[in-house]
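> This is the structure I have questions about; it appears just below.
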Amino acid sequence: MTFACPNRDDDGRCRMLDTLCVPGRPGCVQEGTATFALDVETRIRMAEEQAALLEAKKKSALRRR
Ligand code: SF4
């Protein structure tokens, strides 16, 4: 099944919750409506780690200029 949320921006952030998009997270339109392979706490942690890694890569690339 696929799902496209109109609240998700091009950077993977939720406009409605002003945080990272993690479908099913508290306050999300998908909260309680779907079953996910991983629990929401795990998916939030993974999304935060991925965002932090991307941010570090951006900063590293800027320092090399
Ligand atoms: S967190 Fe939920 S409401 Fe927000 S963009 Fe993602 S799917 Fe949509």
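Each value in this text was obtained by applying a stated rule to the coordinates, not by laboratory testing. Here the structure is a predicted model, which is why all the values come from computation and not from measurement. Note: ideal-geometry Cβ built from the backbone for every residue, glycine included; neighbour counts use all protein chains shown.
> Could you run through the range 1-37 and say how many residues are near the ligand (Cβ under 6 Å from one of its atoms) and of a type outside the set (D, E, K, R)?
So the count comes out to 11.
> Same structure, new question: Quick check on my filter: what residues within the range 12-65 are surrounded by 10 or more Cβ atoms within 10 Å (Cβ to Cβ), closer than 22 Å to THR2 by Cβ and among the aliphatic types (A, V, I, L, M)?
Across the range 12-65, the qualifying residues are MET16, LEU17, LEU20, VAL22, VAL29, ALA34, LEU38, VAL40, ILE44, MET46, ALA47.
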